[in-house]
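Report on the structure given below.
The values are calculated or read from the model by the stated rules, or taken from the named source; none is laboratory data. These figures come from a predicted structure and were not determined experimentally. Cβ coordinates were reconstructed from backbone atoms using ideal geometry, including for glycine residues, and neighbour counts include every protein chain displayed.
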Amino acid sequence: MSNPRRHLLELAPLDATELLHLLDLAESFQDISQRRIKKVPALRGMTVVLLFLEASTRTRTSFELAAKRLSADTLSITGGTSSVVKGETLLDTARNLEAMSPDIIVLRHRHSGSPHLLSRHIDASIVNAGDGGHEHPTQGLLDALTIRQHKRRIEGLKVAIIGDIAHSRVARSNIVCLNRLGAEVVVCGPPTMLPPDIESLGCRATSDRADAVQDADVVMMLRIQKERMTEELFPTDREYAMRFGLDRAALRMAKPDALVMHPGPINRGVEISPEVADGPQSIILDQVANGIAVRMAVLFHCAGGGAQA
Ligand code: ASP
């Protein structure tokens, strides 16, 4: 019997050992990006399809670079250029792609659960690059890797995640991953942006920014996802910035060596002030750099490489 396909659909089912395996694998790929020849033959002869049916900058480009650095052939299909705009369903698009024998399909889609749907019908490994407001597993992994590299540990750290928790797939993947690796996770946002069941993922929820930021080791800011809102959830950007944004004064409540993170894209002056986003505690660009190593690890793993996570 052939081996079952390996997918990465979400972080929720992974235990600490499996998460650490992927982080260690990512770390082992990191030096490739520092070499003059940034390529290894690990996925030579394999085809990776990047099916991005929702806007993306960092995730799509870093998946593409990751695949290329592993020597895979890549095919990039984005929302505006695919037949989805002509009314083709996701499953029809994917079945047509399957006829071209891809080994891995990396999918970003606005509907939660779409990668799971593909994994049930398509004979390729499916990697979730963000499904609606559900999960963004590679972002969760790259954030954990970035924290671990700066703090040398994750266990015992207080991590505050602040912003539009309700619509954030980044928040969900981070809560499950960091909680499983032993961090204390506090999520914070206006009551209209805190889903009632969020604490069941393994975090504490508050609408008091000071409570969240006080003595935090890491402050992770999130963008307000206006594109996912069906109604206004807060009065004005200015009021939001005053109560939930991160400026120098708010950051002073955290530990003096607290790290500032943001998955991007940033709305400067709304959830984070420019001085903080570009300040000495910001590791936002390290997150971007680590995205490549994490995505190399995930593609390698899904292609069957390394030990079973
Ligand atoms: N880039 C992240 C995502 O795709 C965060 C954001 O869009 O605000 O979920």
Only one of ILE266, ILE292 that is within 14 Å of the ligand (Cβ to nearest atom) and either touching a residue at least 12 places away in the same chain (Cβ under 8 Å) or not in a helix (DSSP H, G or I) (or both): ILE266
Enumerated strands (runs of 3 or more DSSP E) restricted to the stretch 127-217, each holding at least 3 residues that are crowded, with 18+ Cβ neighbours inside 10 Å: 158-162, 184-188
Any hit, the stretch 10-19, residues being surrounded by 18 or more Cβ atoms within 10 Å (Cβ to Cβ), in contact (Cβ under 8 Å) with a residue 60 or more places away in the chain and within 16 Å of the ligand (Cβ to nearest atom): yes
Single match in LEU50, LEU65 (criterion: aliphatic (A, V, I, L, M), within 16 Å of the ligand (Cβ to nearest atom) and modelled with pLDDT of 95 or more): LEU50
Some residue of the stretch 24-47 being of a type outside the set (Ser, Thr, Tyr), over 26 Å from ASP286 (Cα atoms), more than 16 Å from the ligand (Cβ to nearest atom) and surrounded by 14 or more Cβ atoms within 10 Å (Cβ to Cβ): yes
Qualifying positions in the stretch 83-111 - of a type outside the set (A, V, I, L, M, F, W, C) and surrounded by 16 or more Cβ atoms within 10 Å (Cβ to Cβ): THR93, GLU98, PRO102, ASP103, ARG108, HIS109
Subset of the stretch 194-245 that is basic (Lys, Arg) and within 16 Å of the ligand (Cβ to nearest atom) - its residue that is nearest to LEU145 (Cα to Cα): ARG223
SER28 vs. criteria assigned to a loop (DSSP other than H, G, I, E, B), closer than 27 Å to ARG180 by Cβ and out of contact with any helix residue (DSSP H, G or I) (no Cβ under 7 Å at 6 or more places or on another chain): no
Those residues of the stretch 62-107 which are in contact (Cβ under 8 Å) with a residue 24 or more places away in the chain, assigned to a helix (DSSP H, G or I) and of a type in the set (Ser, Thr, Tyr), in sequence order: SER62, THR93
Residue pairs meeting the criteria (Cβ under 6 Å; at least 6 apart or on separate chains; first in contact (Cβ under 8 Å) with a residue 12 or more places away in the chain and under 22 Å from SER83 (Cα atoms), in the stretch 40-61; second away from the ligand (no atom under 16 Å from the Cβ) and part of a strand (DSSP E or B)): THR47/ASP73; VAL48/THR74; VAL48/ILE104; VAL49/LEU75; VAL49/ILE105; LEU50/SER76; LEU51/ILE77; LEU51/ILE105
Selection count where residues are without any contact (Cβ under 8 Å) to a residue 60 or more places away in the chain and over 21 Å from MET253 (Cα atoms), scope the stretch 130-154: 3
Verdict on ILE104 being over 30 Å from ASP217 (Cα atoms), in contact with a helix residue (DSSP H, G or I) (Cβ under 6 Å, 6 or more places away or on another chain) and of a type outside the set (Gly, Ala, Ser): yes
Among (1) within 15 Å of the ligand (Cβ to nearest atom); (2) within 30 Å of GLY45 (Cα to Cα); (3) not polar (S, T, N, Q), the one test that ILE126 misses: (1)
Neighbours by Cβ (under 8 Å, 6+ apart or cross-chain): first from the stretch 213-238, on the phi < 0 side of the Ramachandran plot and aromatic (Phe, Trp, Tyr); second surrounded by 15 or more Cβ atoms within 10 Å (Cβ to Cβ) and in a helix (DSSP H, G or I): PHE234/MET193; PHE234/TYR240
